[in-house]
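Before any comments, here is the structure.
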Amino acid sequence: MLRTSTYKQAVSGLAIAKKNGASLFPAFSRTNHTLALKMELPNGLKYTQPTGLFINNEFIKPSEKSSPSISVTNPFNESHICDVYEAGKVDCEAAIDAADKAFATWKETTPEERSKLLYKLADLIEANSELLASIETLDNGKALSSAKGDVKLMADYFRYGASMCDKLHGTIFQNNSKEGFGYTVREPLGVCGLISSFNFPLMFVSWKLVPALVTGNTCVFKPSEHSCLSTLYFANLIKEAGFPPGVVNFITGFGAVGGTLTSSPKVKKISFTGSVGTAEKIMSSVGIKKVTLELGGKSPSIVSNKAKDSLDKVVENICLGIFFNSGEVCCAGSRVYVQEDIYDELVEKLIKYTQNLKVGDGFSDPYFGPLTNKMQLDKVKNYVNVAKAEGAKLLTGGEQIGEKGFLFQPTIFGDCDNSMRVVKEEIFGPVLSLIKFKDLKDAVAMANDTEYGLAAGVFTSDLNEAIEVSNKLNAGTVWVNTYNNFHPSLPFGGHASSGYGSEMSEEAFHCYTNIKAVKINIEPKV
């Protein structure tokens, strides 16, 4: 269980939210069907929240909806925040047409022109970082410090993209003078349909927009209906930065909108972040398009006996791996294999550290806030019950915090094995499974015994051991003596059921281009 003081902090936060809930959004009413609402956030920031579809640099109402119908709920206290408009098939097609029309001129822009706009956008993100992060905390529930970190990564990636605009070159192939020469060029694809998940709304905006825009494509972006407010506000910055109408469009809606995007013959690229089940539906309708899939994971970490002298640091990284962002992280380190000689000591330190984590309102500086929606909360509760039934030992946590909102205690199970569902299946919440091992070879085999292959962690003081284990793990990213450590220049992507293609780095840019080979013969002069 959580320590009483920590639990009281969370309950106190709930009481404050109930007290302030009625005055958070004084300008909003369900009959006020405007495209922008005057709002005040819990930390006192006041702003205007867009609620419409962003097409051709303007917020508009859908063609078939006279009033907003997507209800946005505060995950901390379940209070109603506002409603936003839902796009239909016709609206999605209008956004695609806008992007298609804009592509004709956008693809001809010079790298210098695109770079200038991306640098300007990065500056605007930094200038609005406090507000962007605060909107995301309200809507998504995450800790404000985490949201600020996401916004910083977002700005950094736009700036990295801006620096890469003139560095994406083809290759020249020189032959002998009788055969001339050949060269390759990378060309933009066209309209890109970008579909993201609810757990990192703004960061995923950058992961998808940057490579698309750097390489000269236009975009139709569908954020998750579960947390779209920060993305809609960000759309303002696209226009302010000076991007031409139609280059970037945002449409809110449900599965039908995504289906229109994936099946449209005018859309030449799909990038999707989300579940394996949804990805399977996408692949059944996508046709012949380039596709990037960043899907789920059940990422393992291996803690070697040789990490014994740094167990405090290991514990910090394990907790960062599983409890950061409420565990709603595709690469969450949700199963940890610990060598038997240090197992008991690590478990003792891990329980103590976990029980002192603050969980509560994202605006109250917690380690993590609530899960994003009730569906996720119910899923976590169910897996806790499944783990108990399968014989896993509950070491700490395992309960919802409070009666309102979607807060859940950081939870650790011990005495687990690879046959348990809690070890095999993605939970997407703050639940950790611990498995004891004797030999590193066995640990690697258990770590690789999964349908996923997104990320992994290795903890050891032996560099040779770190390299050997990292090379044997089936994962797109391996972190050694760290976790959740990202950089714009490093690719992030999965293997197997975790998807394919890359986010970030030059590898991501290649996912948004076609390569063309040109062979030129030079006739010798007589």
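Things to note:
- Using the average count of surrounding beta-carbon atoms within 10 Å as a protection proxy, the listed peptides 419-426, 97-104 rank, highest first, as 97-104, 419-426.
- Taking the charge dipole of region 300-489 about its Cα centre, with +1 at Lys and Arg Cβ atoms and -1 at Asp and Glu Cβ atoms, the residue from Cys331, Leu440, Gln400 reaching farthest to the positive side is Gln400.
- About the Cα centre, charge dipole magnitude for the chain (Lys/Arg +1, Asp/Glu -1 at Cβ), debye: 780
- Region 480-526 and region 306-360: distance between their alpha carbon centers, rounded to Å: 34
- Segment Asp439-Asn481, extension gain: residue separation times 0.36 nm, minus the distance between their alpha carbons: 13.2 nm
- Applying the Karplus relation 6.51 cos²θ - 1.76 cosθ + 1.60 with θ = phi - 60° to region 348-363 yields 3J(HN,Hα) values of 4, 5, 5, 5, 4, 4, 5, 5, 9, 6, 8, 10, x, 4, x, 8 Hz, where x marks Gly and Pro.
- Other residues whose C-beta falls under 9 angstrom from the C-beta of Gly493 contribute a net charge of -3, scoring Lys and Arg +1 and Asp and Glu -1.
- In region 300-489, taking the dipole from charged Cβ atoms about the Cα centre, the farthest positive-side position among Met420, Gln376, Leu454 is held by Gln376.
- FRET efficiency, Lys89 to Lys374 (Cβ-Cβ, R0 25 Å, nearest 0.05): 0.35
- Note on region 198-354: Rg/Rh from Cα positions, Kirkwood definition for Rh, rounded to two decimals, is 1.11.
- Placing unit charges on the Cβ atoms only, positive for Lys and Arg and negative for Asp and Glu, gives region 300-489 a dipole magnitude near 340 debye about its Cα centre.
- Packing rank of 306-312, 428-434, where each peptide gets the mean count of other beta carbons within 10 Å, highest leading: 428-434, 306-312
- Counting only DSSP beta bridges with both residues in region 300-489, the antiparallel share comes to about 15 percent.
- Segment Lys101-Val518, extension gain: residue separation times 0.36 nm, minus the distance between their alpha carbons: 147.4 nm
- Each principal axis of the Cα cloud of the chain was taken in turn, and the coordinate range along them, longest first, works out to 85, 66, 39 Å.
- Rounded to the nearest 500, the helix-only mean residue ellipticity at 222 nm of the chain stands at -12500 deg cm²/dmol, with each DSSP H run of n ≥ 4 adding -39,500 (n - 2.57).
- Computed from backbone phi with θ = phi - 60° and the Karplus coefficients 6.51, -1.76 and 1.60, the 3J(HN,Hα) list for region 46-60 is 10, 7, 10, 9, x, 10, x, 8, 9, 10, 6, 6, 9, 7, 10 Hz; x is used for glycine and proline.
- Mean-position separation - Cα centroids, region 57-88 and region 248-273, in angstrom: 18
- Region 448-475 versus region 115-180: alpha-carbon centroid distance in Å: 29
- Sites Glu179 and Lys116 - FRET efficiency at Förster radius 56 Å, r taken between beta-carbons, to 0.05: 0.90
- Taking every DSSP bridge with both residues inside the chain, close to 45 percent are antiparallel.
- Over all distinct Cα-Cα pairs of region 300-489, the Kirkwood formula returns a hydrodynamic radius of 16.6 Å.
- Separation of the alpha carbons by more than 21 angstrom is noted, of Lys107/Lys208; Lys46/Lys404; Lys61/Lys89, for Lys46/Lys404.
Where a number appears in this text, it was derived from the coordinates with a stated rule and is not lab data. These numbers come from a predicted model, not from an experiment. Using ideal geometry, Cβ is built from the backbone for each residue, glycine included, and neighbour counts are taken over all protein chains shown.
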